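K.L.:
This is the structure I want to talk about, given as structure tokens.
The values are calculated or read from the model by the stated rules, or taken from the named source; none is laboratory data. This structure is a prediction, so every number in the text was calculated from the model and none was measured. Reconstructed Cβ throughout: ideal geometry from the backbone, glycine too, with neighbour counts over all protein chains shown.
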Amino acid sequence: MKNIPYGRQNITQEDLNAVTETLQGDFLTQGPKVQEFEQKFAEYVGAKYAVAVTNATAGLHIAVLALNLKPGERVITTPITFAASANCVRYAKGEVWFADIDPDTYLLSIDSVRSLLNSKPKGFFKGIIPVDFAGLPVDAEEYRKLADEYGLWIIEDACHAPGGSFTDSQLVEQRCGNGVYTDIGVFSFHPVKHIACGEGGMLTTNSKTLYEKLALLRTHGITKENMAEDHGGWFYEMKELGFNYRLTDFQSALGISQLARNDAGVKTRNQIADRYKKAFEGKIKFQALPNGQINAHHLFVIEVNNRKELYDRLRENKIFAQIHYIPVHTLPYYKNIGYQGADLTNAEAYYARCISLPMYPTLTLEEQEYVINKVLAYAK
Ligand SMILES: *Cc1c(COP(=O)(O)O)cnc(C)c1O
């Protein structure tokens, strides 16, 4: 048996053709492929606007800036996420406060967020960054109600969840990052994620104002639109202190080609998840799936009593499971700041027990059966 990672990209001949064609064209960056990728991605998730960026971390950075986060302002997020979900707040010199997770869905708990909000005067917090963890959508409608009540913005970290959805109270299917209930959605195109561009990211929104701010911040704050002066064809104005967070055309070509396979990929991921669930039902705890939700399954997470032992035994058998995540508030950088916030018992208990099993569309039946047998043999 060859090595089995927890996630891996799938590059097809069509992907190679798309990239080669773009490399042989006139534009390596800032050409037509970036716009095409933005349009197709916005359409795919059902958002009005999309802005392609170099990676999701850069996207999160300009998302908090577009929402006007000022030094010292406070934002709530989950400790069970990749550090980037919190780091964006620190880039803008804001304060990160953590609330606890739900012990069954592993998502940021709305009850925990609400009690944190209630423990402080109104206006104390500016925003929330919930994460569609493992591909399971947060209930964005509930978050919107809470955010409206407390005057908060919402950035949905949907890096795990292109193609995931939940059903709202009007029984409408709402795709992750579609901007109906959240202000900005953020996606990543790192190779372990659904769509692999090497590096890459996408921001989605339904707000024209936010779209324009994000587009400006992505490219140095420079624009030729709505200028106060105009000295001639060469003239531009720099209106904000922006960045170079632009995605290239050949990465966009790869993204377009991969996006076309995403629905099929999510379907296959769910078939893999169903086989794991069938094998583990009644024996091993796995992430819950609330009614009406489609988990895009970036990850398949289980909980066991002997996590370290299982991790080591699987490695000996060439199965490279992973841990998602070391709670962000326990990372030395955040520990040294001294995080504030709620009781994070569920997040810490989860971290002691969690392990992510191989999950990617090209995982074969034979490989998955091998993984299942090893997990059943060693898990306690
Ligand atoms: C991968 C990931 C990011 C960062 O994505 P990059 O494109 O690597 O910058 C942010 N948040 C979550 C939840 C992620 O999984």
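K.L.:
Take the conditions closer than 21 Å to VAL371 by Cα and surrounded by fewer than 17 Cβ atoms within 10 Å (Cβ to Cβ) and apply them to GLU229. Does it pass?
P.N.:
no
K.L.:
Can I ask one more? Does the stretch 44-73 hold any residues that are away from the ligand (no atom under 12 Å from the Cβ) and either among the hydroxyl-bearing types (Ser, Thr, Tyr) or more than 19 Å from THR209 (Cα to Cα) (or both), and which are they?
P.N.:
TYR44, VAL45, TYR49, PRO71, GLY72, GLU73
K.L.:
Further question: Exactly one condition in (1) touching a residue at least 12 places away in the same chain (Cβ under 8 Å); (2) outside any loop (DSSP other than H, G, I, E, B) is false for LYS277; which is it?
P.N.:
(1)
K.L.:
Turning to a different aspect of this structure: Could you please let me know if LEU117 is closer than 17 Å to GLU73 by Cα, in contact (Cβ under 8 Å) with a residue 24 or more places away in the chain and in a helix (DSSP H, G or I)?
P.N.:
Against the criterion (closer than 17 Å to GLU73 by Cα, in contact (Cβ under 8 Å) with a residue 24 or more places away in the chain and in a helix (DSSP H, G or I)), LEU117 qualifies.
K.L.:
Considering only residues of the stretch 160-197 that are under 10 Å from the mean Cα position of the chain (by Cα), of a type outside the set (A, V, I, L, M) and not in a loop (DSSP other than H, G, I, E, B), which is nearest to the ligand (Cβ to nearest atom)?
P.N.:
Residue satisfying both the conditions and the ranking: SER188.
K.L.:
Let me ask another. Mind counting the residues in the stretch 120-131 that are in a loop (DSSP other than H, G, I, E, B) and of a type in the set (Lys, Arg)?
P.N.:
2
K.L.:
Could you pull out the residue among PRO137, PRO79 that is farther than 27 Å from ALA215 by Cβ and either assigned by TED's automatic domain parsing to the domain that holds TYR360 or within 16 Å of the ligand (Cβ to nearest atom) (or both)?
P.N.:
Working: PRO137 fails: farther than 27 Å from ALA215 by Cβ.
Among PRO137, PRO79, only PRO79 is farther than 27 Å from ALA215 by Cβ and either assigned by TED's automatic domain parsing to the domain that holds TYR360 or within 16 Å of the ligand (Cβ to nearest atom) (or both).
K.L.:
Take the residues in the stretch 149-159 that are near the ligand (Cβ under 10 Å from one of its atoms) and assigned to a loop (DSSP other than H, G, I, E, B); name whichever of them is nearest to THR20 (Cα to Cα).
P.N.:
Selected residue: CYS159.
K.L.:
Look through the stretch 97-111, keep the residues that are of a type in the set (Val, Ile, Thr) and surrounded by fewer than 24 Cβ atoms within 10 Å (Cβ to Cβ), and return whichever of them is nearest to LEU344 (Cα to Cα).
P.N.:
Of everything passing the filter in the stretch 97-111, ILE110 is nearest to LEU344 (Cα to Cα).
K.L.:
In the set THR362, THR268, which member is in a loop (DSSP other than H, G, I, E, B) and not hydrophobic (A, V, I, L, M, F, W, C)?
P.N.:
The match here is THR362.
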